[in-house]
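Student: There's a structure below that I have some questions on.
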Amino acid sequence: MKRILLFVSAVMLVVANSFAQVTTSSVSNKTVQQIVQQYLIGPNITLATDAAHPSLFQGQSTISSNQIGAFKNNITNLCDMPMDSGLVMATCSYTVGQKGGSEASASPDLSGQTMSDSAFYWTYTKYCIEENKSISNFNTPAILTFWIKPNIDNFQFSYCFGSNEYPTYVNSTYNDFFGFYFSGPYDSLGNIVPGSTAYEMQNLALVPGTSTAVMINTVNHGSGYSHSQPHSNPEYHIVPTGSCTSSCGLNEYTTKLPTASTFVVADAYYKITIGICNIGDKSLQSALFLAKDMRRFDTINIDTTICENQEYYMEIADEYLTQTGKYSYTYTNLTGGDSLINIDLKVNPVAMDNYCWTLKADDSFEVDDKIINAPGTYIFKYQTWLGCDSTVVYNVEWGEETMETDCVSGIDKVNLNDKVKVYPNPAKDILYIQGVEHDALITILDVSGKQLKQIKASNENTSIDISDLQDGIYLVNVIMGDNNITRKISKQ
C-alpha cells in the first residue's frame, strides 16, 4: 500500500489524509449512564444502574456540559491519534478533540470551584512537591464518575491524553493534569469487602512500569518548538512532524496507554472517577480520549528450569533466555486485552569432571562396565538429580603403572581453568580458544566421544571453523603438555 501511494497524485494523498482525522459528535441531553454503557463498558463488566451508584458528569445525571462528547478515528497508526472510538473529555468544548476543533469555553465553567474528589488535587500537589514545582490553580475541570461490578478478577482500559500546552510549556507550571481514580471493593451497603485488596482513589493513569502519574511534564519529547529541553518518557509520546500533521485538535499526544493493572473482587462495587483540568490558566486546552475497551487482562506466571547450554525460547518476544532471572512480557491477546507473562527462569549447572590416568601396557581398568585398555579420551554421560547432564571425561595415556594421575601436573587447576577461555558459547561459525600455549592440542568431540576436529595451536589465541558442524552440544578438549582441560559448548 505504501508503494502505491508514492505514485498516486497529490489529490489522492490529501483525500487519504482526511480519513485519518478525528471527528467528534455531541452527547448533549443523553444520560451519563447511556454514554458510559455505549462508549466505555466492555465485556465482563457490568455498569451499576441503581440510585445508590449513579453515573454522573459534572455532578449531573444528564449531559448538559459541552466538555464531553464522542469521537471516531479511522486511522490510528504512525503519528495519528492512536484511539479509534470512544468518549473525549476536555478542559473546554469536546470539539477541541477533532481536527480544526474549537477551543470554545467550557460550559458550564467550573473554574474556581474545589475538585469534587480531593485525591485528584492531592495527586497533583504531591507531584509538585516532589518535583519542587509551584502549585497552581485548577481551572475548568471535567469530572466523570460511575460505578461498575466486574464479573472477572481483574480489568484495565486504555486512553490517550493530548494537549496544546505541548511543546512550549513542557516542564512549566502549565501542566494540565488528569487522573483515573479507582475505589473499592464495596458491598451493596457501601462497606469495604473484608479480606480483599482495597483501593481509595487510587490513580491508575501511570507511566507504564512506574508509580509516576502521566501528565505533560512526565510524558514528552522536551519543551520548546525544537524540543531542545530534557524529555521524559518520550517512548509514550507522539510528535506529529513534517507531512504528518496532527490528526486531532491537539498539538501533541501520548501513545495509547493502558491503565495500571488492577485486581478486583468479582461482583463487588467499584467507583471510577475520571477527571481532567487546566492548570494555572484557562487557555491552551487539553483533552482525554477514552476507549470502549474495559476488559480483562491476563497474568500468566511461568516457573521453569533449563540446564546450562540450553535456551528457553519466548515466542511472543522472539527472544532466547539463557540466564537465571525473572522476565516480564506484555502483549495484546485475541480479546483486545493486555496479557502479562511473568517468567521465573532457573538455569541449573551442568557438572563436568576430568580424570587423567596412565595405563600400563597390557593392563586395563573398568569404568561403568566399560573396559579401558588403550590410550584415548573416554566420555561418560550421567543425569544429575537436577535433571541436567553430567559429563565425565577420562584422559588416558601410556605409563609405567595403571593409576589415576594429576590432570594439571602441579599447575593450579583453578588458575589454569581461568586462563583458558573458549568462546563464544553458544557459537555459530568460528570458535575461539584463548590462553593456550604454543603447540597445544585442541580437539572437538561430540558427546559420545567421537573426534570431529583436531588442530595444534599456533599462538595464544587460536580459532577453529565449526560452521560445518550440526547444531548441538560438543566438547572442546585442550591438552597443553601434561595438562588437560575439557569445555562443553553449544553450536547454533
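Student: Please sort 397-404, 255-262 by packing, taking for each peptide the average over its residues of neighbouring beta carbons within 10 angstrom, highest first. Display every interim value, and only then the final one.
Tutor: Values: 397-404: 12.0, 255-262: 18.4.
Highest-to-lowest ranking by the protection proxy: 255-262, 397-404.
Student: Measuring from label point to label point, each 7 Å out along Cα→Cβ, what is the THR173 to GLN37 span in nm?
Tutor: Here the answer is 4.6 nm between the modelled labels.
Student: Which FRET efficiency value, to the nearest 0.05, is calculated for PHE380 and ASP429 with the Förster distance at 30 angstrom and r the Cβ-Cβ distance?
Tutor: The computed FRET efficiency comes out at 0.50.
Student: Which pairs break 18 Å Cα to Cα here: LYS428/LYS488; LYS421/LYS456; LYS450/LYS488; LYS30/LYS271; LYS381/LYS488; LYS381/LYS453?
Tutor: The pairs that break the limit, which is 18 Å between Cα atoms, are LYS30/LYS271; LYS381/LYS453.
Student: Work out, step by step, the length gained on full extension between ASN301 and THR23: first 0.36 nm times the residue separation, then minus their alpha carbon distance; give nm to one decimal.
Tutor: 96.0 nm
Student: So, in nm, how far is label ASP153 from label LYS453 when the simple model puts each one 7 Å beyond its Cα toward the Cβ?
Tutor: So the label points at ASP153 and LYS453 sit 5.2 nm apart.
Student: Can you work out the FRET efficiency for the pair GLN229 and MET352, with r the C-beta to C-beta distance and R0 = 56 Å, to the nearest 0.05? Let's see the in-between values first.
Tutor: Details: r = 55 Å, r/R0 = 0.99.
The value I calculate is 0.50.
Student: With the crude spin-label approximation of a point 7 Å out along Cα→Cβ, what separation in nm comes out for GLU200 versus SER390?
Tutor: Placing both labels 7 Å beyond Cα along the Cβ direction yields 5.8 nm.
Student: Between THR324 and ASP363, what is the FRET efficiency for a Förster distance of 35 Å, r being their Cβ-Cβ separation, to the nearest 0.05?
Tutor: Working from the Cβ atoms, E equals 0.20.
Student: Students often check this: by mean Cβ neighbours within 10 Å, which of 357-363, 270-276 ranks highest, and how do the rest follow?
Tutor: The densest-packed peptide leads the list: 270-276, 357-363.
Student: Cross-link candidates for LYS256: which lysines have Cα within less than 22 Å, leaving aside residues fewer than 8 places away along the same chain?
Tutor: Excluding near neighbours in sequence, the set is LYS72, LYS99, LYS292.
Values in this text are rule-based calculations from the coordinates and carry no lab data. All values reported here derive from a predicted model rather than from experimental measurement. Neighbour counts are summed over all protein chains in view; Cβ atoms, including those assigned to glycine, are modelled from backbone coordinates with ideal geometry.
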